[in-house]
Amino acid sequence: TTLNDKLNAVFSKLKKQVRIDDENINEALKQVRMALLEADVNFKVVKTFINNVREKALGEEVRKSLTPDQVFIKIVNDELVDILGGKDYKEAKIKLNSNPPTVIMMAGLQGSGKTTSAGKLANFFMKQSKSVLLVAGDIYRPAAIDQLETLGRQLGCDVYSDRESKDAVKIAKDALAHAKKTAKDILIIDTAGRLHIDENLMNEIVRTKEAVNPDEVLFVADAMTGQDAVNVAKSFNDMLDATGIILTKMDGDARGGAALSIKEVTGKPLKFIGTGEKLTEFEQFYPDRMASRILGMGDIVTLVERAQESIEEGDAEEMAAKMAKHGLDFEDMLKQFRMIKKMGSLDSIMRLIPGLGNMNMGEIDDRQFKKTEAIIFSMTLKERRNGKLLNANRKKRIARGSGTNVADVNRLVNQLNQMNKMMKQMKKKLGGSNKLNPAM
Ligand code: GDP
């Protein structure tokens with residue numbers, strides 16, 4: 001079971017209580033504490049977290065409209081947001097230098113995903129129509145230079161390398177001069193990594209930093225290594241004074257411990273997360289979105305944003321707001337499924353959708369998509385927008401029209417209802433006041 005399952009178990013227990021009191025809060029906190037420790041969250045972070053939640057929970061007048069579990073969820077959510085970086089989160093943004101290029105240096109252990117993240121970051125900026133120069137600063141491993149050049153070709157991004165040189169500091173300086181000459185907006189320097197922190201390597205990175213005076217030093221850490229990632233980040237940061245952290249392989253870290261600890265332990269903000277091997281599986285980090293995911297409430301905003309990269313669909317926040325306010329209809333569902341199909345990596349996407357996060361992924365395969373599409377296509381436009389119109393007769397017709405059976409149609413209707421129910425719960429959990437219109 002994941003952290004999110006465990007937290008939800010705590011919340012359900014509280015649901016049965018009439019009010020929050022010392023006793024049930026202490027019991028709930030004990031379980032939250034255990035869940036966090038089992039998720040490999042740093043113990044000091046857990047301590048601070050629990051103390052803060054306790055203080056707020058016991059101080060909280062149970063507002064009339066909210067049940068104890070709602071109050072508690074709200075407090076836990078707020079505290080998660082705080083610990084992940086806070087609500088007014090402006091640190092995630094890369095500060096662009098008004099005198100280009102903006103220089104970004106990557107640092108991290110070998111295998112942490114440094115080179116991949118350099119490519120992802122280049123892609124991130126190129127999508128914003130910025131020109132990027134990638135620099136192969138790992139002169140010890142020819143394979144690393146090859147890897148960056150391959151990424152460059154894939155992205156259509158220039159790569160600066162010098163296979164003859166044995167001087168990483170000079171390469172970085174030359175690359176900077178080259179970036180200025182060719183009027184690049186962004187310079188991303190991939191540095192050498194080792195398997196362990198090593199003094200020579202640190203020296204080289206520190207000297208490179210002094211030579212190019214970067215706007216950002218991003219430490220890349222592998223989330224799957226849990227508290228190790230946090231400790232290594234701390235040592236690197238003590239020597240290098242990073243400006244931010246990229247946490248990679250979040251797709252493989254079901255526990256979430258590294259994400260929850262790293263800001264608090266290093267004092268440096270998480271700026272990006274890697275969620276897969278593909279160049280597009282990379283997101284700017286937002287504490288509130290991550291908190292929602294940890295609480296199993298999905299992350300509609302990220303989902304829609306990611307979808308936008310494949311499909312132009314108006315403003316992401318606006319669509320998310322519309323979905324939250326009016327509920328989903330079959331048209332939205334069709335759109336979502338198409339986006340998902342285009343976006344690849346089903347697993348990482350499903351986690352973003354409230355209610356689907358805990359679903360068995362095997363259920364949703366390509367055939368299922370085709371079936372769903374066929375069923376929705378067999379509905380009239382009115383029915384797609386208002387599922388209430390689907391009576392037994394219409395369901396039969398639709399099943400026949402789509403080459404499926406009534407059970408399939410019912411399953412789809414239930415699925416939509418389920419999604420809407422989850423969205424409603426998510427809003428209630430967060431204490432939102434807008435009433436949702438159930439789609440049917
Ligand atoms: P480097 O030695 O630090 O430059 O690490 P690489 O960039 O070569 O990455 C090491 C391995 O991790 C490669 O197989 C990458 O494809 C993989 N990787 C990097 N980032 C992610 C991520 O966010 N998710 C997953 N699943 N794999 C990743």
Exercise for the section: Using the structure shown, decide if GLU79 is modelled with pLDDT of 80 or more, part of a helix (DSSP H, G or I) and more than 30 Å from GLN284 (Cβ to Cβ). Expected result: no
Exercise for the section: Only residues that are surrounded by fewer than 20 Cβ atoms within 10 Å (Cβ to Cβ) and among the basic types (Lys, Arg): list them for the range 267-291, please. Expected result: LYS278
Practice task
Looking only at the range 117-129, decide whether some residue is surrounded by fewer than 22 Cβ atoms within 10 Å (Cβ to Cβ) and among the charged types (D, E, K, R).
Solution key: yes
Completion exercise
Of the residues in the range 97-122, those that are within 13 Å of the ligand (Cβ to nearest atom) and not in a loop (DSSP other than H, G, I, E, B) come to MET106, ALA107, GLY108, LYS114, THR115, THR116, SER117, ALA118, GLY119, LYS120, LEU121, ALA122
Problem - the range 115-139 residues that are within 10 Å of LEU279 (Cβ to Cβ), paired with ones that are surrounded by fewer than 19 Cβ atoms within 10 Å (Cβ to Cβ) (beta carbon under 6 Å, 6 or more apart) - result: GLY119/LEU279; LYS120/LEU279; ALA122/LEU155; ASN123/LEU155; ASN123/LEU279
Fill in the blank from the handout: Inside the range 152-190, the number of residues satisfying the requirement of being crowded, with 22+ Cβ neighbours inside 10 Å, in a helix (DSSP H, G or I), modelled with pLDDT of 95 or more and in contact with a helix residue (DSSP H, G or I) (Cβ under 7 Å, 6 or more places away or on another chain) is 2
Practice task
Quick one: ALA242 ticks every box in (1) touching a Phe, Trp or Tyr at 6+ places or on another chain (Cβ under 7 Å); (2) part of a strand (DSSP E or B) except a single one, so which number is it?
Solution key: (2)
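The values are calculated or read from the model by the stated rules, or taken from the named source; none is laboratory data. All values reported here derive from a predicted model rather than from experimental measurement. Don't worry about glycine lacking a Cβ; one is built from the backbone with ideal geometry, like all the others, and counts go over all protein chains shown.
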